[in-house]
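The values are calculated or read from the model by the stated rules, or taken from the named source; none is laboratory data. Not measured: the values here are computed from a predicted model. Here the Cβ positions follow ideal geometry from the backbone for every residue, glycine too, while neighbour counts run over all protein chains shown. In case anyone asks, the SASA skips ligands and DNA or RNA and just uses the protein heavy atoms, side chains included. Shrake-Rupley method; radii C 1.70, N 1.55, O 1.52, S 1.80 Å.
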Amino acid sequence: MTNSQYAQFALLAAAALYALRALRGGTIRRPSSVEVLLVLFAGYAIASILWRDVSSGASATTIFVEYVGLAAAFIVVVRTSGIRSNWYFLATCYIVGCCVDLILIFSAFKSGTTIDSAGRYGLANVNSNYTAYSLVSGVPLLVLLYWRRARRRLASSIALMVGMSTFGLGIGLTGCRGATVAFLLCVFVIAARGLKTRPLAGGLFTASMAGVLVAGWSHVEDVLPSRLFLDASSAEDLSSGRFTLWERALVIFGRNPLLGSGADSYPWLSEDGMHAHNVFLSVLAELGIIGLLLLVVALALLFRSYFRSSASKSARSAALMLVCTWLVIAGTGVWQYALPAWIMFGLFVTIPRDDAEFTVADGELTARDRSLGWRLRNPTAS
């Protein structure tokens, strides 16, 4: 069993305990549309075992843990992070976990312990792309915490530059090009927001960050995994064979367009046992049009809630980074039931109100309070 599956079992246990506690206290809250859609998506994926057209494949237990785990991750985080202190505790825990990953990656780099012939560094028994995706998913949260909690601007700006540079180097050492692109998109959003809100300070920060990235790259270019510098003489080289995988996904989809071939069936139906490395094509091939619609509608409602007009500027900017990061990963990786993604989605639903940007009169709720996260915690309120 993988570490991810252990974590998913823990989330399932947490969800069960939460449900039992709610039943005993009579405080079961009405689910949101996103929660309902995710539960339906997970249930549909599990039901697809019945018509899976492969004799061998992932076990029913594995599929159950993967898909129920994604719904449990989102629901548990949303329903436990409604209290401000809980939200900051969970957010800090995620960043601390990223720091532990970075320490392990740098330790492997110092000892020269690579995990493959391309010179990639990572964690033992954990896919390097998964590690890189988990790290870059934490960047929007790291920046949001800086925007929310920064007091001494100069010291905080320096700390953010150090933190971003550390994350960037760690991601680079994994050799994951998709995560590297997502990280650069985050840097662009930070720079754009800084230049718009405080042109002078934002310009200085942008120039400093650019200098740090260029200087850092020049010093570590020779030791970065060769995979980052893959010869892009052809589109197939540039995509590391993903175009072929995507074509196979469309072929598999054509066999049963409506229902799909069954959850986790793609690796056993493809020629080399690889995943499709694209969330949307993978879901389309395995769960058909029905499964893809459930996932896309849930994501659309979720992303729309992040950019409501009542959200703070810092929350919208961080959410933009999160969405861009997820889309890059979804286009190149196996990420539909990854815990880091759904934990992050849950945290961004329940971002606490920024006291510097919103005020509440006694007994009066602002539009921000009536956001998706607030309704999840108070379903009976008008």
(message) Given the criterion over 26 Å from TYR146 (Cβ atoms) and hydrophobic (A, V, I, L, M, F, W, C), identify the matching residue among LEU70, LEU90.
(response) LEU70
(request) Go through (1) surrounded by fewer than 17 Cβ atoms within 10 Å (Cβ to Cβ); (2) of a type outside the set (Val, Ile, Thr); (3) at pLDDT below 90; (4) more than 24 Å from the chain's Cα centre (by Cα) one by one and return the number of the condition PHE243 breaks. (result) (4)
(request) Kindly indicate which of GLY82, GLY163, GLY122, GLY168 is closer than 26 Å to PHE41 by Cβ, open to solvent by less than 30 Å² (accessible area, probe 1.4 Å) and either at pLDDT below 85 or not in a loop (DSSP other than H, G, I, E, B) (or both). (result) GLY82
(message) List the helices (runs of 4 or more DSSP H) inside region 289-382, counting only whole elements, that have at least 1 residues being modelled with pLDDT of 70 or more and buried (at least 20 other Cβ atoms within 10 Å of the Cβ).
(response) 313-332, 339-349
(request) Filter region 292-310 for residues that are among the small types (Gly, Ala, Ser) and closer than 19 Å to LEU327 by Cβ and give the result. (result) ALA298, ALA300, SER305
(request) Enumerate the pairs (first residue in region 121-141 and without any contact (Cβ under 8 Å) to a residue 40 or more places away in the chain and within 13 Å of VAL100 (Cα to Cα); second residue anywhere and of a type in the set (Ser, Thr, Tyr) and open to solvent by less than 20 Å² (accessible area, probe 1.4 Å)) with beta-carbon separation below 8 Å, excluding pairs fewer than 6 apart on the same chain, so at least 6 apart or on different chains. (result) LEU123/THR131
(request) Restrict the check to region 180-203 and report whether at least one residue is more than 28 Å from PHE345 (Cβ to Cβ) and touching a residue at least 12 places away in the same chain (Cβ under 8 Å). (result) yes
(message) Between LEU195, LEU135, which is within 25 Å of THR92 (Cβ to Cβ) and part of a helix (DSSP H, G or I)?
(response) LEU135
